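The values are calculated or read from the model by the stated rules, or taken from the named source; none is laboratory data. Quick caveat: nothing in here was measured; it's all calculated off a predicted structure. For neighbour counting, all protein chains shown are included, and Cβ atoms are generated from backbone atoms with ideal geometry for every residue, glycine included.
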Amino acid sequence: MQNVLDTLRERGFLAQITFEDELYKQLEKEPTTFYVGFDPTATSLHFGHFIPIIAMAHMQRAGHIPIALVGGGTAMIGDPSGKTDMRKMMTVETIDHNVACIKKQMERFIEFGEGKAHIVNNADWLRSLGYMDFLRDVGAMFSVNRMLTAECYKQRLERGLTFLEFNYMLMQSYDFLQLFKNYGCRLQMGGDDQWSNMLAGADLIRRKEREAAFACTFKLLMNHEGKKMGKTEKGALWLDANLCTPYEFYQYWRNVDDSDVEKCLSLLTFLPMDEVKRLSALEGSAINEAKKVLAFECTKLVHGEEEAQKAQQAAAALFSGGAAADVPTFEWTRAQMEQDARLTTLLNLCGLCTSNGDARKQIQQNAVVMSNSKVADVNLTLTPDMFPTDGILLRKGKKSYCRVVLK
């Protein structure tokens with residue numbers, strides 16, 4: 001059976017690894033417990049978490065044991081990695097609510113249960129941690145000189161780095177130590193921006209426990225222009241259907257650039273690599289078939305096969321100029337219409353525009369289409385007789401659709 005490191009390398013996940021030969025043997029020798037950390041800064045995971053989650057699933061399928069560590073404790077400090085400013089502080093109640101939401105969401109991707117995978121909250125040990133004991137037990141193992149050479153701190157020194165944030169590396173390293181003691185965890189995996197913190201954690205275990213510990217980072221998914229993928233007009237590409245509909249999620253991957261198809265198929269699906277190569281080799285208009293497969297597979301993973309099929313059917317109907325019941329639908333009540341029947345208000349209510357002002361701007365830029373006709377009048381007022389039984393189809397730009405039904 002292929003070593004899972006070979007699988008992850010072939011599919012393009014791996015960025016940096018400590019003691020690679022030793023880790024290779026460790027993963028071949030026995031089922032190895034590993035962890036990935038998730039910051040509870042929102043009620044939902046977003047695309048930035050997707051690659052680590054898929055990598056966790058590959059690891060689990062190869063027989064290894066994942067720990068999803070939710071940072072209910074470290075979220076009270078904030079990770080300075082890649083940040084230009086100090087993170088806004090959240091209340092304990094907000095953090096705990098986000099942790100509960102993320103735990104539920106993780107169960108879609110990883111199989112949890114006895115001997116399978118664990119969800120752990122570092123608040124269990126960090127919030128009750130005695131400061132003096134921590135300084136003596138862990139702080140003494142860290143060199144300030146060495147910490148200041150870490151990329152996550154160097155980027156912040158000129159702008160200002162608080163002592164609170166300076167503690168983050170120690171906190172994350174202590175997480176690894178606790179997971180080693182409680183679960184036998186020997187490997188931390190995560191994004192490449194976490195490399196300095198992960199090195200520190202593995203080093204802490206090797207120095208303090210005299211045991212083997214490893215770190216492995218994943219590449220960030222960049223498009224052909226070198227920009228991070230996973231951003232939409234509305235912001236982050238969320239994995240929660242309430243924040244990003246299955247149709248919107250499907251359409252994002254359906255519209256990736258031709259040159260990004262192979263990379264996305266490799267990283268974001270479980271298709272065999274032979275099939276990835278075959279699809280990626282398609283040329284001209286045929287590459288659209290590969291994009292449809294990519295969009296379907298990604299949506300199926302996040303929202304389930306039924307929602308993926310609905311999104312696929314809706315996209316096909318729109319492409320052929322029709323409307324489908326599975327296109328995102330907004331029910332506009334007659335009471336709402338009587339109160340304000342302007343199209344700009346409707347565009348805001350249904351979510352195609354962010355405000356009435358944005359709706360006016362989109363109409364002025366000829367970006368709004370209603371029932372296959374461009375809208376030119378920013379003051380257009382709608383009437384009930386304009387709505388057929390199955391509603392009217394609104395479009396903003398080339399890719400954002402909504403079917404509005406009058407109730």
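Observations on the structure shown:
- Test: residue in region 292-312 that is more than 24 Å from LYS227 (Cα to Cα), surrounded by fewer than 13 Cβ atoms within 10 Å (Cβ to Cβ) and of a type in the set (A, V, I, L, M): no
- All positions within region 284-325 that are outside any helix (DSSP H, G or I) and at pLDDT 90 or above: GLY304
- For region 185-231, a residue qualifies if it is surrounded by 17 or more Cβ atoms within 10 Å (Cβ to Cβ), aliphatic (A, V, I, L, M) and either under 28 Å from LEU267 (Cα atoms) or not assigned by TED's automatic domain parsing to the domain that holds LEU45 (or both), and the qualifying residues are LEU187, MET189, MET198, LEU199, ALA200, ALA202, ALA213, ALA215, LEU221, MET229.
- Count of region 27-38 residues which are crowded, with 17+ Cβ neighbours inside 10 Å and either farther than 17 Å from ASN122 by Cα or in contact with a His (Cβ under 9 Å, 6 or more places away or on another chain) (or both): 7
- Restricting region 136-184 to residues that are of a type in the set (Phe, Trp, Tyr) and closer than 30 Å to ILE65 by Cβ, the residue that is surrounded by the most Cβ atoms within 10 Å (Cβ to Cβ): PHE176
- Positions within region 327-354 being closer than 18 Å to SER371 by Cβ and among the charged types (D, E, K, R), in sequence order: GLU331, ARG342
- Within region 1-44, being aliphatic (A, V, I, L, M) and farther than 23 Å from GLN178 by Cβ holds for MET1, VAL4, LEU5, LEU8, LEU14, ALA15, ALA42.
Table: residues versus (1) touching a helix residue (DSSP H, G or I) at 6+ places or on another chain (Cβ under 6 Å); (2) at pLDDT 95 or above; (3) assigned by TED's automatic domain parsing to the domain that holds ALA314; (4) on the phi < 0 side of the Ramachandran plot.
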{"position": "GLN336", "(1), (2), (3), (4)": "no, no, no, yes"}
{"position": "CYS353", "(1), (2), (3), (4)": "yes, no, no, yes"}
{"position": "ASP385", "(1), (2), (3), (4)": "no, no, no, yes"}
{"position": "ILE392", "(1), (2), (3), (4)": "no, no, no, yes"}
{"position": "GLY397", "(1), (2), (3), (4)": "no, no, no, no"}
